[in-house]
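The values are calculated or read from the model by the stated rules, or taken from the named source; none is laboratory data. In this text, all values refer to a predicted model and were calculated from it rather than measured experimentally. Cβ coordinates were reconstructed from backbone atoms using ideal geometry, including for glycine residues, and neighbour counts include every protein chain displayed. Just the protein is used for accessible areas: all its heavy atoms, side chains included, with ligands, DNA and RNA removed. Shrake-Rupley method; radii C 1.70, N 1.55, O 1.52, S 1.80 Å.
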Amino acid sequence: MTKDAKILIIGGGHAGVEAALAISRMGYPVVLATMQEDSIARMSCNPAIGGLAKGHLVREIDALGGIMGIAADSTAIQFKTLNKSKGRAVWSPRAQVDKIKYSSFINNIIKKDKNISILSANIVDILVDKSGVSGVVTCSGKKIYVSSVIITAGTFLDGKIHVGETSYAAGRFGEKPSNGLTDSLLGLGFKTARLKTGTPPRLLASSIDWNKLITAPGDKEVNYFSIKTDDTKSAPNTPCFIAHTNQYTHRVLEDNLERSPMYSGKINATGPRYCPSVEDKVVRFAGRDSHQLFLEPEWENSKQIYINGFSTSLPEDVQLKALRTIDGLKGCELIRPGYAIEYDYFPTHQLKSTLESKSISGLFFAGQMNGTSGYEEAAAQGLMAGINAVLSTYYNSTFTLKRHEAYIGVLIDDLITKDINEPYRMFTSRAEHRLQLRQDNADLRLSDKAIKHNLLGDKHIKTYHRLHKDYLRAKKHLLETQSLVDGKSVSAWNLLKRSGQHIDGSPAKAKLKNISKRSLFLVESEAKYEGYINIQEKKIKKTKEIEGVLIKPSCDYRRLTNLSSEAMEKLIKIKPETLGQAMRIDGVRQSDVSILSFHLYNKK
Amino acid sequence: MNGALMDRCLVSFFKGPHSFTGEDVVEINCHGGNVISKKIIRNIIDSKQARHALPGEFTFRAYYNGKIDILQAESINELIKSETNMFTNKTMENIDGRISVEIGTIKQSLINLSSLVEYDLDIDESDADVTSNNEIASILNKTLLQIRKISSCSLYSNILKNGLRVVLIGKPNVGKSTMFNYLLGFNRSIVSSVAGTTRDTVEATLDIDGHKIIFIDTAGCWTSKDTIEKIGIEKTKKEINSADIALFLGEDDSDLQLIEKLNVRCKCIKVLSKSDTNTSDLYDLKISSLDGVGFESLLTLLSTEIKTIVYNKDVGSEYYINERQQVVLKEIIYKGEEIIKIIASGLEKDVLATLIKDLVDTLNEIVDPINKEDIINNIFSNFCVGK
């Protein structure tokens, strides 16, 4: 084990591995503590990476040097870009991946990494001294001294699985929970609460009548996540399958609602509204007589089939009975039932925008335990926490992204300013500046920042510079090529702004022969969105001013007697770092912002 | 003051937040007269426990404490400055929240529309019914209709606030000033009478049927039978251009040619003066200052014309909206119409969502000018007293 490591990560999930790899890329040693070495980067739920708004996050993680994009590209069994009918700012790449290959791909990289040492242990206590974190204690009582700790415990903290009337302690299927760490954090003054999430049952492939299902293949033209992936290479295209629930399915579910731990009151934690269980869907959308289910292989030639859209915590016999009402699944067998899992999360108003705790320096929180849902949201936080752990440990500086710079910026800003009452998942509508934050320009938006912080390898930098140069070159050609349209001279660049116009039919096409597919797509988007983005830029300028006004942690809100009582309570609880953050807190009104800004400006 | 009794007063204490400003307020009702109130104020100020309120400060505090919105704050200022009954009524309606409610309804429908589009973008296309662009255009059209209904009150609102301008024109010595003075004397509710210093016009404001009417007496612009004095006529022309009604005073048929020469575009009432000596059938009515004949019917005719203009069928007269609000509403209408146009020529949903969000932001400027300290300062700096 690396003796000189000053940073330790608790948890080897998607957040943990991104944090570890970022720290290593920046050139620093790190300890990755995991309860089960062979479960590093395991995909606990669906066998897919990306999707609506999540695909954007993966592209951003990749532009910042993260592993998720290249891992998905390398282990996918099919690719599909979602939302293609709604404008390219919301195009979202998604890959169906081979779960086993995915985690072993990352495992291999982590194990080969000389900066990362893996510690197989359950961490049960955080040690703190006057200056902040000083180390951790393992369950066997061993003390490890470090100056920064990143906790990425996922759903493991006091995790409890529910299947119908039965429940048992677990971190996820087949793995023990982590007990003790929550108590340690409570002892340090942190607040905690419970959330729940769920996963659908897995079916035996040979028990499914595939002929009765609709085939759902991936895209022929593939949009890879990573800039490092050779975009000329052909991609696998293993199909998924679509089934539909019907009124008989819904009847079975409704008749057994009281046997669901959610409805019987056994689980008090809040579940995700956006990823509802199938019994939730039947209750909430009572008018719909059918819901779509995707049957996804968990790996290439998998015997185990994931039923996307059928997350449930009903008893096993009910799950089976309901599934067997569905065409194609009449004779299906379960490999394992779906379940709900309850776990401790730590409300994120306790964190700064660097994901470091406000009260204990050197202690970072990232991933699902921050109240988010999804691999991508977790990975994005892990990456940012890793970068900031290095910056705070070695440089006394920070790295944050603004809401207009990245979905990652939106994600973290939302976490620290909003009340999270249910697992948070990313949506494109959470971003005010959606037209700028496209998946196609993630590299352009973020890679220069990444290079500045030493986050990209030489090959990545070279690829990025080529993309950037190609982009500029293509733009120049497009601007310079004029053609006559309706008697007026129009540049090829402006021509692209028209609906239905593409580079393929552009008068400048001949000059763009040697430019990569990725750059051409990018330049086309930039042309199409230029006008709208210019309008938004003005708005960004305005918000920048207010973003820049810092609020000292010592600010005494009680003295601002004109604040509404709700605002005062929230401000005291959250202690925003800037006026911009204060403005976005639920319950803080414009008048409160004015009073606060009046106070801040007059103090200067 | 050495414990001497100053006055016996009624002192009321309003505990915040249930006071006008939302803060604790003490109100002292003393006996009339300047001396007592001044003495009491002086004593309180001298005690260093209080100071004079800044212009608009009470309203400002009420706004900052969330007791009233910006529309209501503006209305308070307008009420204070109001000179007529009608304007007072309308601003009072707005203080009561009439326009705030209307804008709130519109805001809600824009937010609903925005949510509809946003929802589509964040839902899997294979598993949801997406709202078509045409449906969105038709919903937007309905909302624009609501906005136009309010925005159409712009003309009416401006008349309400600034009044109608009635310009008196005619040759010199035709009796304009006599008629002007007579009109002022006839109506008891004179508000002000100001002699122009830089121009040879005299203005006076009357309240006719609750409306603010400004009469402008111009200098005579006819020096000889057919020579037009250039400078005088320019000034008069300017007045005519900004007038809503022209009162032309003449003595015979040929005088009427002047109306054409002056290029009068607004409603023109032709009045034959000195009807005891002059005769003509081409005038709308006849007056004589000597015996006061015709003035009653002149006022009746004016009143009818004023009503015709104020309650013009083509424009709304339901609400009062100030200039700031008019500008924002016009901007929204313009932007909304643009969106409908672009939708027709093909628009991606992500851009559409951004444009609709921008509509919401624009409307927000009326009610909740976030980060717009300049707008807020401007509104409150218009108060001249510590209300």
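The residues of the stretch B:61-99 that are within 14 Å of another protein chain (Cβ to nearest Cβ) and assigned to a helix (DSSP H, G or I), listed by number, are B:Arg61, B:Ala62, B:Tyr63, B:Tyr64, B:Ile70, B:Leu71, B:Gln72, B:Ala73. Residues that are touching a Phe, Trp or Tyr at 6+ places or on another chain (Cβ under 9 Å) and surrounded by 15 or more Cβ atoms within 10 Å (Cβ to Cβ) do occur in the stretch A:456-472, at least one of them. When A:Thr463 is tested against (1) within 12 Å of chain B (Cβ to nearest Cβ); (2) touching a residue at least 60 places away in the same chain (Cβ under 8 Å), exactly one condition is not met: (1).
Can you find even one residue in the stretch A:239-253 that is more than 23 Å from A:Arg172 (Cα to Cα), surrounded by fewer than 17 Cβ atoms within 10 Å (Cβ to Cβ) and within 14 Å of chain B (Cβ to nearest Cβ)?
The answer is yes; a qualifying residue exists.
So which residues in the stretch A:543-566 are surrounded by 13 or more Cβ atoms within 10 Å (Cβ to Cβ), at pLDDT below 85 and out of contact with any strand residue (DSSP E or B) (no Cβ under 7 Å at 6 or more places or on another chain)? Across the stretch A:543-566, the qualifying residues are A:Thr543, A:Ile546, A:Leu560, A:Asn562, A:Leu563, A:Ser564, A:Glu566. The single condition from (1) more than 14 Å from chain A (Cβ to nearest Cβ); (2) over 18 Å from the mean Cα position of the chain (by Cα) that B:Phe58 fails is (1).
Do you know which residues across the stretch A:576-604 are under 23 Å from A:Ala431 (Cα atoms) and either in a helix (DSSP H, G or I) or touching a residue at least 40 places away in the same chain (Cβ under 8 Å) (or both)? Residues satisfying the conditions are A:Pro576, A:Glu577, A:Leu579, A:Gly580, A:Gln581, A:Ala582, A:Met583, A:Arg584, A:Ile585, A:Asp586, A:Gln590, A:Val593.
Give me a count of the residues in the stretch B:126-147 that are loosely packed, with under 15 Cβ neighbours inside 10 Å and modelled with pLDDT under 85. Summing the residues that are loosely packed, with under 15 Cβ neighbours inside 10 Å and modelled with pLDDT under 85 in the stretch B:126-147 gives 4.
Listed residues A:Ser491, A:Ser483, A:Ser499, A:Ser429; which is under 19 Å from the mean Cα position of the chain (by Cα) and surrounded by fewer than 21 Cβ atoms within 10 Å (Cβ to Cβ)? Exactly one of A:Ser491, A:Ser483, A:Ser499, A:Ser429 is under 19 Å from the mean Cα position of the chain (by Cα) and surrounded by fewer than 21 Cβ atoms within 10 Å (Cβ to Cβ), namely A:Ser429. Looking at this structure, is A:Lys160 under 27 Å from A:Asp419 (Cβ atoms), in contact with a Pro (Cβ under 6 Å, 6 or more places away or on another chain) and open to solvent by 40 Å² or more (accessible area, probe 1.4 Å)? So A:Lys160 fails the test. Considering the stretch B:347-359, the residues that are within 7 Å of another protein chain (Cβ to nearest Cβ) and of a type in the set (D, E, K, R) include one that is farthest from B:Ala137 (Cα to Cα), namely B:Asp350.
Among the candidates A:Thr232, A:Thr270, single out the residue that is open to solvent by less than 80 Å² (accessible area, probe 1.4 Å) and among the hydroxyl-bearing types (Ser, Thr, Tyr). First the steps, then the outcome.
Working: A:Thr232 fails: open to solvent by less than 80 Å² (accessible area, probe 1.4 Å).
Criteria check complete, one pass: A:Thr270.
Among the residues that make up the stretch B:116-124, is at least one of them among the aromatic types (Phe, Trp, Tyr) and within 14 Å of chain A (Cβ to nearest Cβ)? Taking every residue of the stretch B:116-124 in turn, at least one turns out to be among the aromatic types (Phe, Trp, Tyr) and within 14 Å of chain A (Cβ to nearest Cβ). Being within 11 Å of chain A (Cβ to nearest Cβ), surrounded by fewer than 18 Cβ atoms within 10 Å (Cβ to Cβ) and within 26 Å of B:Leu71 (Cβ to Cβ) holds for only one residue in B:Asp368, B:Asp314, and it is B:Asp368.
Within the stretch A:532-542, the residues that satisfy the criterion of being open to solvent by less than 100 Å² (accessible area, probe 1.4 Å) and either in a loop (DSSP other than H, G, I, E, B) or more than 9 Å from chain B (Cβ to nearest Cβ) (or both) are A:Ile533, A:Asn534, A:Glu537, A:Ile540.
In the stretch B:101-113, what count of residues is obtained for those that are in contact (Cβ under 8 Å) with a residue 60 or more places away in the chain and in contact with a Ser or Thr (Cβ under 9 Å, 6 or more places away or on another chain)? Total satisfying the criteria: 3.
Condition check for B:Asn112 on (1) open to solvent by 10 Å² or more (accessible area, probe 1.4 Å); (2) in contact with a Gly (Cβ under 7 Å, 6 or more places away or on another chain); (3) part of a helix (DSSP H, G or I): one failure, at (2).
Answer yes or no as to whether A:Thr197 is outside any strand (DSSP E or B), of a type in the set (S, T, N, Q) and surrounded by 18 or more Cβ atoms within 10 Å (Cβ to Cβ).
Against the criterion (outside any strand (DSSP E or B), of a type in the set (S, T, N, Q) and surrounded by 18 or more Cβ atoms within 10 Å (Cβ to Cβ)), A:Thr197 does not qualify.
For the stretch A:1-28, a residue qualifies if it is farther than 17 Å from A:Leu355 by Cα, buried (at least 22 other Cβ atoms within 10 Å of the Cβ) and among the charged types (D, E, K, R), and exactly one does: A:Arg25. Name every residue in the stretch A:545-574 that is free of Cβ contacts under 8 Å to residues at least 60 places away in the same chain and among the charged types (D, E, K, R), in order of residue number. Hits for the stretch A:545-574 are A:Glu545, A:Lys552, A:Asp556, A:Arg558, A:Arg559, A:Glu566, A:Glu569, A:Lys570.
Number of residues in the stretch A:156-189 that are of a type outside the set (D, E, K, R), touching a helix residue (DSSP H, G or I) at 6+ places or on another chain (Cβ under 6 Å) and more than 18 Å from A:Val318 (Cβ to Cβ) equals 1. Whenever a residue of the stretch B:325-346 is closer than 10 Å to B:Thr362 by Cβ and within 13 Å of chain A (Cβ to nearest Cβ), its partners that are in a helix (DSSP H, G or I) and open to solvent by 10 Å² or more (accessible area, probe 1.4 Å), lying with C-beta atoms within less than 7 angstrom and at least six residues away or across chains, give the pairs B:Lys335/B:Asp358. Evaluate the following for B:Thr131: is it part of a helix (DSSP H, G or I), out of contact with any Cys (no Cβ under 6 Å at 6 or more places or on another chain) and touching a residue at least 12 places away in the same chain (Cβ under 8 Å)? In short, no.
Checked against the criteria, A:Val31 counts as buried (at least 21 other Cβ atoms within 10 Å of the Cβ) and more than 19 Å from the chain's Cα centre (by Cα).
From the residues in the stretch B:289-332 that are touching a Lys or Arg at 6+ places or on another chain (Cβ under 6 Å) and farther than 15 Å from B:Asn158 by Cα, which one is modelled with the lowest pLDDT? Looking at the filtered set, the residue picked out is B:Gly294. Note on the stretch A:17-50: among residues that are part of a loop (DSSP other than H, G, I, E, B) and in contact with an Asp or Glu (Cβ under 8 Å, 6 or more places away or on another chain), the one that is nearest to the other protein chains (Cβ to nearest Cβ) is A:Asn46.
Among the residues examined, A:Ser103 does not qualify as open to solvent by 50 Å² or more (accessible area, probe 1.4 Å), touching a residue at least 60 places away in the same chain (Cβ under 8 Å) and either touching a helix residue (DSSP H, G or I) at 6+ places or on another chain (Cβ under 9 Å) or among the hydrophobic types (A, V, I, L, M, F, W, C) (or both).
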